[in-house]
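Rule-based calculations on the coordinates, nothing more; no lab input. Note that the structure is predicted; figures quoted are calculated from it, not measured. Positions of Cβ are backbone-derived with ideal geometry, glycine not excepted, and every protein chain shown enters the neighbour counts.
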Amino acid sequence: MSIVTNKELLDRAKAGHYAVAAFNTNNLEYTQAILTAASELRAPVIVAAAKSEVDYMDGYVFVSMVTCLADKFGIPVGIHLDHGPTFEETIRCLHYGFKSVMYDGSFLPLEENIAVTKEVVKAAHACGVSVEGEVGVIGQAADGPEGRRHDMTGLADPDECERFVAETGVDCFAAAIGNAHGLYKRKPELRFDILAELEKRTSIPLVLHGGTGIPEGDLRKAITMGVSKINFSTVMRKGYIETLTATLNGSPGELDLMKLLSPGKDRMIEIAKEHIVMCMSDRKA
Ligand SMILES: [Zn+2]
């Protein structure tokens with residue numbers, strides 16, 4: 001079976017001192033690019049979709065598409081919900097066949113975040129599905145689709161993280177350590193002091209969101225300090241859209257959609273490969 005839980009993928013990554021790259025997707029070309037890249041590098045990989053992306057593709061179609069491609073390539077693949085916004089939206093993905101879900105209660109007071117995350121863990125674990133939680137709001141580097149703004153006051157508090165992990169039973173968790181979603185306006189400064197504290201106080205794999213634009217040296221340092229999953233979304237979309245724009249501008253009158261979309265897919269394969277290598281997960285499948 002090529003589809004595995006994030007717990008299996010991340011526990012192995014933590015023990016092996018690498019991180020599994022998680023890429024969001026929202027269509028066929030995108031998904032093919034992620035799995036082709038992972039297959040060529042023999043890397044385990046996570047294909048993720050946020051709620052808007054799940055709605056766009058249809059949850060059943062998304063899971064079937066990833067499962068078919070994972071079977072074809074024969075590499076371990078996770079199917080993950082990114083930033084589940086509510087208990088209901090998160091649990092619905094168990095029905096679609098996701099093997100991992102994130103519930104993001106980071107906007108709630110800690111007590112409420114713990115209470116809802118605990119319920120998600122109870123239901124998901126009963127179905128053999130892994131859960132990722134979030135503590136401390138990971139904001140948006142620039143105005144983004146979720147309307148979040150980068151806000152340094154969102155840094156995770158190690159005391160809260162320790163309590164959150166112990167009380168909820170999550171399999172991995174994302175903490176705000178100076179990272180943000182979208183394109184960074186200036187070089188991000190990761191708080192390695194907080195990361196060291198989190199690694200000391202929790203034994204589970206850590207997840208770094210907003211991987212786009214974090215320098216490779218910082219990513220590798222974070223991996224040596226316990227980060228076992230790194231999310232990349234913006235960098236892939238940017239590469240796809242730039243290539244698609246150039247292709248459209250260079251092909252006036254072209255009506256073969258496959259010819260127009262293929263160069264963007266090829267560009268995404270290159271980008272995914274670069275980021276898998278940064279995560280040091282190549283040849284780990
Ligand atoms: Zn995120």
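Taking the three principal axes of the alpha carbon atoms in segment 6-278, the coordinate ranges are 59, 41, 36 Å, sorted in descending order. For segment 43-56, backbone phi angles converted through the Karplus equation (6.51, -1.76, 1.60; θ = phi - 60°) give residue-by-residue couplings of 10, x, 8, 10, 9, 10, 9, 7, 3, 4, 6, 4, 4, 5 Hz, Gly and Pro being listed as x. Working from label points 7 Å from Cα in the Cα-to-Cβ sense, the residue 15 to residue 163 distance is 3.3 nm. 3J(HN,Hα) couplings calculated from phi for segment 181-198 with the Karplus curve 6.51 cos²θ - 1.76 cosθ + 1.60 (θ = phi - 60°) are, in sequence order, 7, x, 9, 5, 7, 9, 4, x, 10, 6, 8, 5, 5, 5, 4, 4, 5, 5 Hz; Gly and Pro show x. Look at 162, 242 and count the other Cβ atoms within 10 Å of each Cβ; fewest to most, that gives 242, 162. Backbone amide hydrogens, once placed in the peptide plane, bring residue 170 within less than 5 Å of nothing, excluding anything fewer than 5 places away on its chain. Each label point was placed 7 Å from the Cα along the Cα-to-Cβ direction; for residue 68 and residue 88 their separation is 3.1 nm.
Computed from Cα positions, the angle between helix 28-40 and the longest principal axis of the chain comes to roughly 80 degrees.
Across the chain, the relative contact order, built from alpha-carbon pairs under 8 Å that are at least six residues apart, equals 23 percent. Computed from Cα atoms, the angle from the helix 158-168 axis to the main principal axis of the chain rounds to 80 degrees. For residue 83, the amide hydrogen comes within under 5 Å of the amide hydrogens of 102, counting only partners 5 or more places away or on other chains and with H modelled in the peptide plane.
For the pair residue 108 and residue 201, the difference between a 0.36 nm per residue extended length and the Cα-Cα distance amounts to 31.3 nm.
Proximity of backbone amide H atoms, modeled 1.01 Å from N, is registered between residue 20 and 229, 230 at under 5 Å, excluding neighbours fewer than 5 places apart on the same chain. A Förster distance of 30 Å, applied to the separation of the beta-carbon atoms of residue 251 and residue 56, puts the FRET efficiency at 0.75. Which angle from 0 to 90°, rounded to the nearest 10, does the C-alpha axis of helix 59-73 make with the longest principal axis of the chain? Orientation of helix 59-73: about 70 degrees from the principal axis.
What number, rounded to the nearest 500 deg cm²/dmol, is the helix-based mean residue ellipticity at 222 nm of the chain, given -39500 (n - 2.57) per DSSP H run of at least four residues and division by all its residues? The helix contribution divided over the chain gives -16000 deg cm²/dmol.
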